[in-house]
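The structure appears right after this line, and notes come after that.
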């Protein structure tokens, strides 16, 4: 007997999806064991099986943003481009860039056999500091592998605008921060060193760099590890990916990692933390895996703090205007302050 999908029909019209799959010879019969998957705060993941084969459907949120369909198309494109590479990633099965099948763009990918460490560690990983240490090195090696992919060779020549990428960063995020003043009730950015850091970034910007694929949001919440060891199973959530300077991924990893003195990570963490490498060790491991110039690695970490802090401040501004829960706005503002305090230590 076949199982009925346990998914809100408003999120996915399975009849339409199955017709679309039929046209592509992707199994036969009705979907079974359908369920929502956790992970991510915006886009939706739906697991189901068809003819014994598992699928994960990824689509925009129930109330899509203005660029949600574009994001789906871009994610599917980058996953297709890195297929066959050494980068751990979800394997793309098929993409539907059109919006007329279920009302939004979507794609199908293979499920990942693994776990996200920020939601809890399995016994193997929780009980062994050596496994956690290897997890940290696996994570940095993941972006080193991504940085080695030739974006031109895999057809991503027009996936981003690398010309002037670093030069645009401060102005771009400065403008976004200024836009928050449009929210009624927002008192303005009470952020330590926000102008000083902007000047420092402009004054110390690297003069030369090599373009490549940038994940754009690389931290512990956006990866999955193997259930049976420290191996990185997949890098997920590619919605901010572009062609830019891959060292910004390293900068964000360092910016969100625990300090070398053992203080808790600024934005994401894992319990227990003991055993994970120091941020400085991650940099050295990346250096051993890449020919990129790491002499300005602190600059990328400061930029990552600046960029991520301003993004999080947006929720605080919306909370001040009654458009987000106040407790979430306060929490993310506190995280923004932490990030800028961390950036001030490096911006010297």
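The values are calculated or read from the model by the stated rules, or taken from the named source; none is laboratory data. Computed from a predicted structure; not experimentally measured. Backbone-built Cβ (ideal geometry, glycine too); neighbour counts: all protein chains shown.
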Quick check on my filter: what residues within region 118-139 are within 17 Å of the chain's Cα centre (by Cα) and modelled with pLDDT of 95 or more?
136, 138, 139
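Residues checked against (1) touching a strand residue (DSSP E or B) at 6+ places or on another chain (Cβ under 9 Å); (2) touching a residue at least 24 places away in the same chain (Cβ under 8 Å):
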| residue | (1), (2) |
| --- | --- |
| 224 | yes, yes |
| 236 | yes, yes |
| 243 | yes, yes |
| 270 | no, yes |
| 288 | no, no |
Given the structure, is residue 117 closer than 30 Å to residue 13 by Cα and either assigned by TED's automatic domain parsing to the domain that holds residue 257 or crowded, with 16+ Cβ neighbours inside 10 Å (or both)?
no
Determine whether region 207-216 contains at least one residue that is assigned by TED's automatic domain parsing to the domain that holds residue 317, free of Cβ contacts under 8 Å to residues at least 40 places away in the same chain and surrounded by 17 or more Cβ atoms within 10 Å (Cβ to Cβ).
yes
Pick out the one residue from 276, 340 that is crowded, with 22+ Cβ neighbours inside 10 Å and outside any helix (DSSP H, G or I).
276
Would you confirm whether or not region 315-325 contains a residue that is under 20 Å from the mean Cα position of the chain (by Cα) and within 16 Å of residue 254 (Cβ to Cβ)?
no
Note: among 282, 232, 248, 240, just one is modelled with pLDDT of 95 or more and within 20 Å of residue 335 (Cβ to Cβ), namely 248
What's the total number of residues in region 149-166 that are surrounded by 11 or more Cβ atoms within 10 Å (Cβ to Cβ) and closer than 27 Å to residue 301 by Cβ?
9
Just wondering, is there one or more residues in region 87-95 that are touching a strand residue (DSSP E or B) at 6+ places or on another chain (Cβ under 7 Å), without any contact (Cβ under 8 Å) to a residue 60 or more places away in the chain, crowded, with 19+ Cβ neighbours inside 10 Å and more than 25 Å from residue 115 (Cβ to Cβ)?
yes
With within 13 Å of residue 107 (Cβ to Cβ) and not assigned by TED's automatic domain parsing to the domain that holds residue 140 as the only criterion, which of 60, 64 stands out?
60
Test set (1) in a loop (DSSP other than H, G, I, E, B); (2) within 17 Å of residue 107 (Cβ to Cβ); (3) at pLDDT below 95 - residue 1 fails condition number
(2)
Can you tell me which condition residue 28 does not meet? The list is (1) over 24 Å from residue 239 (Cβ atoms); (2) surrounded by 12 or more Cβ atoms within 10 Å (Cβ to Cβ); (3) in contact with a helix residue (DSSP H, G or I) (Cβ under 8 Å, 6 or more places away or on another chain), and all the others hold.
(2)
So for region 61-71 (the condition being in contact with a strand residue (DSSP E or B) (Cβ under 8 Å, 6 or more places away or on another chain), under 19 Å from residue 241 (Cβ atoms) and either touching a residue at least 12 places away in the same chain (Cβ under 8 Å) or surrounded by 12 or more Cβ atoms within 10 Å (Cβ to Cβ) (or both)), does at least one residue qualify?
yes
Going through region 5-25 in order, the residues found to be assigned to a loop (DSSP other than H, G, I, E, B) and buried (at least 16 other Cβ atoms within 10 Å of the Cβ) are 5, 7, 11, 12
Pairs under 8 Å by beta carbon, first residue assigned to a helix (DSSP H, G or I) in region 178-203, partner surrounded by fewer than 18 Cβ atoms within 10 Å (Cβ to Cβ), six or more apart or different chains?
181/188; 196/344; 197/344; 198/174
If I filter region 244-252 for residues that are in the same structural domain as residue 302 (by TED's automatic domain parsing), over 15 Å from residue 298 (Cα atoms) and not in a loop (DSSP other than H, G, I, E, B), do I get at least one hit?
yes
Could you count how many residues in region 317-332 are touching a helix residue (DSSP H, G or I) at 6+ places or on another chain (Cβ under 8 Å), free of Cβ contacts under 8 Å to residues at least 40 places away in the same chain and either under 17 Å from residue 268 (Cα atoms) or surrounded by 22 or more Cβ atoms within 10 Å (Cβ to Cβ) (or both)?
5
